[in-house]
Amino acid sequence: MLTAADNELLTRTGADTAMGGLFRRFWVPVLLSQELPEPDCPPVRVKVLGEELVAFRDTQGRVGLLDQRCPHRGANLFFGRNEQGGLRCVFHGWKFNVDGRCLDMPNVEPGPNRDRLCARMQVAAYPVREWGDFVWAYMGPREQMPELPMMEFGLLPPAHRFVSKKFQDCNWAQVCEGALDTAHFSFLHMTVDDAQKEAQATRQRMVKGYESQSMSDDRLRWLRDDGAPRYSVLSHEAGLALGGARKADDGALYWRIAQFLMPSHCYAPGTARGENYHGQTVVPIDDTSCWVYCYTWNPERPLADAERAKFRSGAVIHAEVDRNWVPVRNRGNDYMIDRVEQKHRSFTGVTGISEQDACIQDSQGRIADRTRERLVASDVGVVRFRQLMLQSVRQLADANTLPAGTDPHAYFVRSGSCVAPSGMPLEQVMAERFGDPAGRVTRPESEKRTATN
């Protein structure tokens with residue numbers, strides 16, 4: 001559990017908060033690139049970390065992210081005209097480029113005075129980069145702007161990845177905690193005993209989008225039969241590696257290893273060697289809602305059309321969403337819970353892995369009250385996440401430095417699963433599975449190792 005003060009410190013991300021200051025030291029995704037599909041397309045509203053902004057793609061294809069208020073009389077630039085290299089306010093015609101510089105003031109008489117006013121006029125603008133099919137923004141001090149995090153999905157050709165996003169109706173921190181709490185798979189995402197007898201159709205819905213190894217009969221059985229995995233957590237330059245070990249056959253252990261990368265990137269733990277990897281980045285809209293940016297990638301091959309179709313319709317970490325990226329099953333309709341399904345086939349009665357996660361995370365409250373918790377041994381990953389975030393906030397405030405996440409190349413890591421001999425520590429399991437004790441990508445996956453698929 002946390003004190004009320006620490007819960008406030010963890011969850012509040014506005015411009016005048018300590019956690020908001022921490023988030024602003026990192027690049028975060030703020031849009032899918034496809035939301036600005038072509039030059040001079042309509043601008044898009046963006047709310048991130050409590051700030052209301054507007055994004056647009058100019059005539060040259062560059063993306064700008066500006067304060068939504070025109071500095072003249074406060075009109076909203078979302079209603080502006082995106083034309084000829086800038087966004088023009090429709091109230092009196094002031095026009096701004098992607099850097100926020102004023103290009104035109106047509107309601108001021110031409111001459112030296114207008115030139116001087118135009119040169120001085122600026123609307124707040126944040127640096128942006130397009131990378132990995134996302135638009136990323138940096139909202140912190142310009143003189144301390146880091147490089148983009150070198151996450152593997154963004155380093156691959158577009159054919160090797162699929163990206164999406166979904167709205168979530170709760171605070172950012174409980175979404176991250178849910179992603180890092182891999183013990184819940186034994187319950188939240190599982191079928192029930194009746195379904196084991198009918199099995200095939202229910203199982204197919206449950207594992208939609210996953211590949212055969214990570215959701216094999218043996219691995220599902222190990223997940224179902226051992227709901228109390230033994231956790232080990234390792235710190236590294238970008239964050240944490242979190243391993244949960246369950247009993248497998250013949251005295252071995254089935255390890256599922258997640259990654260948490262500062263400030264809010266979470267890699268899923270189930271991938272077997274050669275399969276698709278899955279990750280998500282949680283970006284606060286405000287203190288009671290967030291966007292979850294989702295990405296699936298395969299470093300060894302392009303994703304097939306059939307895989308992409310499954311992800312678009314809702315599979316693994318990707319939700320089935322409407323045209324506004326709001327999940328079809330959401331808080332407002334009780335996630336379309338089916339009590340008959342819950343009684344006979346599904347532990348939750350909610351369709352979709354992503355939707356099951358959102359249902360239970362949202363149910364904790366729009367901001368979870370961590371003062372009322374009673375934690376157990378399998379919550380150690382959640383505890384270590386909180387410790388890292390609170391330590392980072394305090395270190396930034398006290399020394400203007402960060403304990404993790406300062407090296408962009410440290411983000412080139414993987415998560416995944418394997419079977420290993422009992423007694424092998426997580427560091428060795430990681431070295432055998434990934435070629436590195438932190439999961440860094442340093443050696444070909446095809447190398448033979450002790451930890452098997």
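The values are calculated or read from the model by the stated rules, or taken from the named source; none is laboratory data. Treat the numbers as computed from the prediction; the structure is a model and nothing was measured. For neighbour counting, all protein chains shown are included, and Cβ atoms are generated from backbone atoms with ideal geometry for every residue, glycine included.
How many residues are within 12 Å of Ala183 (Cα to Cα) and among the hydroxyl-bearing types (Ser, Thr, Tyr) if we restrict to the range 218-235?
Residues that pass the stated criteria total 1.
Conditions tested, residue by residue: (1) of a type outside the set (D, E, K, R); (2) in contact with a Gly (Cβ under 8 Å, 6 or more places away or on another chain); (3) in the same structural domain as Trp172 (by TED's automatic domain parsing); (4) within 19 Å of Arg101 (Cα to Cα).
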residue	(1), (2), (3), (4)
Leu10	yes, no, no, no
Met19	yes, no, no, no
Asp40	no, no, no, yes
Thr59	yes, yes, no, yes
Gln68	yes, no, no, yes
Leu77	yes, no, no, yes
Arg81	no, no, no, yes
Gly86	yes, no, no, yes
Val90	yes, yes, no, yes
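Considering only the range 1-98, give the strands (runs of 3 or more DSSP E) lying wholly within it that have at least 2 residues that are of a type outside the set (Phe, Trp, Tyr), under 29 Å from Trp172 (Cβ atoms) and in contact (Cβ under 8 Å) with a residue 24 or more places away in the chain.
28-32, 44-48, 51-57, 63-67
Across the range 282-328, what is the total count of residues that are in a strand (DSSP E or B) and more than 29 Å from Leu10 (Cα to Cα)?
Residues in the range 282-328 being in a strand (DSSP E or B) and more than 29 Å from Leu10 (Cα to Cα): 2 in total.
Filter the range 284-307 down to the residues that are crowded, with 16+ Cβ neighbours inside 10 Å and either farther than 24 Å from Glu52 by Cα or small (Gly, Ala, Ser) (or both), then identify the one that is nearest to the chain's Cα centre (by Cα).
Among those that are crowded, with 16+ Cβ neighbours inside 10 Å and either farther than 24 Å from Glu52 by Cα or small (Gly, Ala, Ser) (or both), it is Tyr295.
Residue-by-condition table, conditions (1) among the small types (Gly, Ala, Ser); (2) out of contact with any strand residue (DSSP E or B) (no Cβ under 6 Å at 6 or more places or on another chain); (3) buried (at least 16 other Cβ atoms within 10 Å of the Cβ):
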position	(1), (2), (3)
Arg366	no, yes, no
Arg370	no, yes, yes
Leu375	no, yes, no
Gly381	yes, no, yes
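Against the definition (more than 21 Å from Met19 (Cβ to Cβ) and not β-branched (Val, Ile, Thr)), how does Asp362 come out, yes or no?
Spelling it out, it is not the case that Asp362 is more than 21 Å from Met19 (Cβ to Cβ) and not β-branched (Val, Ile, Thr).
Suppose we keep only residues that are among the acidic types (Asp, Glu) and out of contact with any Lys or Arg (no Cβ under 8 Å at 6 or more places or on another chain) within the range 270-327. Which one would you say is nearest to Tyr254 (Cα to Cα)?
Per the stated criteria, the residue is Glu275.
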